[in-house]
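See below for the structure under consideration.
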Amino acid sequence: MKRFWVLVAFFITSFCLIPQVHAKTATLQQLIDQTPEGGVLQLQGIKYKENVTIHKPITIKGSKQTVLQGNTQEAVIKIEDVNNVKIENLIIQDAHTGIVAKNVQNFQCKDLTLLNNWSGVQIYNSKDVILQQLSIKGISGHYSKKGNGIALFNNKNVIAKYNNIDHVQDGIYIENGNEINLFSNNIQNGRYGIHFMYMKNVQARNNTFRKNVTGIMLMMTENAVLSTNKIMEQSGLNASGMTLFQAKNIKTVENTFQYNRAAISAQSLTNSTIEKNTFLMNQTAVELLLSNDKNTVKENDFIGNIVNIRSDGTGSTIARNYYDDYAGIDVDDNGVGDRPYVALQSFGQWMVRQPAYQYFIESPSVVLLNEMDRQTNVIEKKQLVDKTPMMQSAINMKQESTVSIGKVMIGIVIMLSILWFWRKEIRS
């Protein structure tokens, strides 16, 4: 009996000393493969260090602590030849590329954070894509060493909205696409905020660009609407708020340009409109190179710029703009100046090339030079002359309109209050 208990004790001790083999946690790829088509995979708040591929319709949802980290030079998530894939609420970090999708349809990314990746999201040959609320911050270093935040190649019907993109090469790079819509994105500290190449039917609306080399670079593109964007502090060497190069049928409407080296640089632009924009304190507001005579610059506000409009001698229609340096008067009080505004100013052109000249602004010699420009250039047919300059800016008119409406509302309230107290007094 004693021997029996000795053997039992031996086996118990041996069992406790043997390393235990726990069930291995499933990899992310295994979890994806186990999820049925059309199903939802809810991930826990843990880190997955692997690269995965998706070949079926699926929704992947993470939590605030779900982290995906790549371990090769390939994309962390690769999606190919499939429809109806959704990816939500993940952190993808420390990888070469976050997501690559090829030949997909009805693909959505939402609430993703992509940190310290060479490139964020790349999509090829796809249709009906939504990229929403992505926070993308690239690797450290010069932008030439980085990839793009979002890159789109040969896609149709893509919407990118409410994304924050920082420290990448191009915030959103788009090539050979159709029906691309970019709304309410914030892009900063890169080369180009948005880079359009060989595009048709695109919109960029209500985006904010700050401290890039160029806010919007639009090249070889037709039928674009660029509206209500805020484009600020593109002020480095050769920087511009927008560069419109060899483009056709472009509408640049109701944007605000502030503190840019050149707010709009239009080069070989055709049949296009620059309308109702506000140009504040830029070195050059609008430059027109090889401009088509069917281009129109109208109803814009030019305030505090060194040079408002300049060209290489090619013509465009300039009309009904407000210029804060306009020296004319409005005798008949119709809101339009009684003499034309001559856009060309020799000293302003020199000052853009040599910033140190700014210390001579409003010196007697510069005032005389500007007046000579106004007198001599008005008879030159090739110079930029606005024959209907506005006496008041659209900004002030809007403010006055708002104030007037406010005053009317206050007056109505006061009048109704007086009537109420009066009727009350009569009844008593």
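Give 146/248; 78/211; 86/145; 86/156; 200/251 a once-over and call out the pairs whose C-alpha atoms are over 20 Å from each other.
146/248; 78/211; 86/145
Using the Cβ atoms and a cut-off under 9 Å, what net charge is assigned to the surroundings of residue 321, where Lys and Arg are +1 and Asp and Glu are -1? Each step should come with its number before you reach the end.
Values: positive: 298, 320; negative: 299, 301, 386.
Surrounding charge for residue 321 is -1.
Report the net charge of residues surrounding residue 186, where surrounding means a beta-carbon distance below 14 angstrom and charges are Lys +1, Arg +1, Asp -1, Glu -1. Numbers along the way, then the final one.
Numbers: positive: 137, 161, 205, 210, 211, 230; negative: 166, 233.
Net charge around residue 186: +4.
Based on Cβ point charges of +1 for Lys and Arg and -1 for Asp and Glu, what charge dipole magnitude is obtained for region 138-280 about its Cα centre, in debye rounded to the nearest 20?
Numbers: 14 positive and 8 negative charges, 24 e Å.
With Lys and Arg at +1 and Asp and Glu at -1, about 120 debye.
List the GluC sites (Glu not before Pro) within region 16-124 that DSSP assigns to loop and that have no more than 11 neighbouring Cβ atoms inside 10 Å. Walk me through the intermediate numbers first.
Numbers: sites: 37, 50, 74, 80, 88; in loops: 37, 50, 74.
Here the sparse-neighbourhood loop sites are 37.
Pop out the ³J(HN,Hα) list for region 298-305 in order, Karplus 6.51 cos²θ - 1.76 cosθ + 1.60 with θ = phi - 60°, rounded to Hz; leave Gly and Pro as x.
With the stated coefficients, region 298-305 comes to 9, 6, 9, 10, 10, 9, x, 8 Hz.
Size of the dipole of region 37-190 about the Cα centre, Lys and Arg at +1 and Asp and Glu at -1 on the beta carbon, nothing else charged, in debye to 20?
Numbers: 15 positive and 13 negative charges, 51 e Å.
That gives region 37-190 a dipole magnitude of about 240 debye.
Beta carbons within 10 angstrom, averaged per residue: use that to sort the peptides 206-215, 328-337, highest first.
On the way: 206-215: 23.4, 328-337: 12.2.
In decreasing order of mean packing, 206-215, 328-337 become 206-215, 328-337.
Using +1 at the C-beta of Lys and Arg and -1 at the C-beta of Asp and Glu, which of 113, 159, 97 has the Cα lying farthest in the positive direction of the dipole of region 37-190?
So the residue we want is 113.
Bear in mind that the values in this text are calculations on the coordinates, not laboratory data. On a predicted model such as this, the values are computed, not experimentally measured, just so you know. Heads up, the Cβs are rebuilt from the backbone with ideal geometry, glycines too, and the neighbour counts pull from every protein chain shown.
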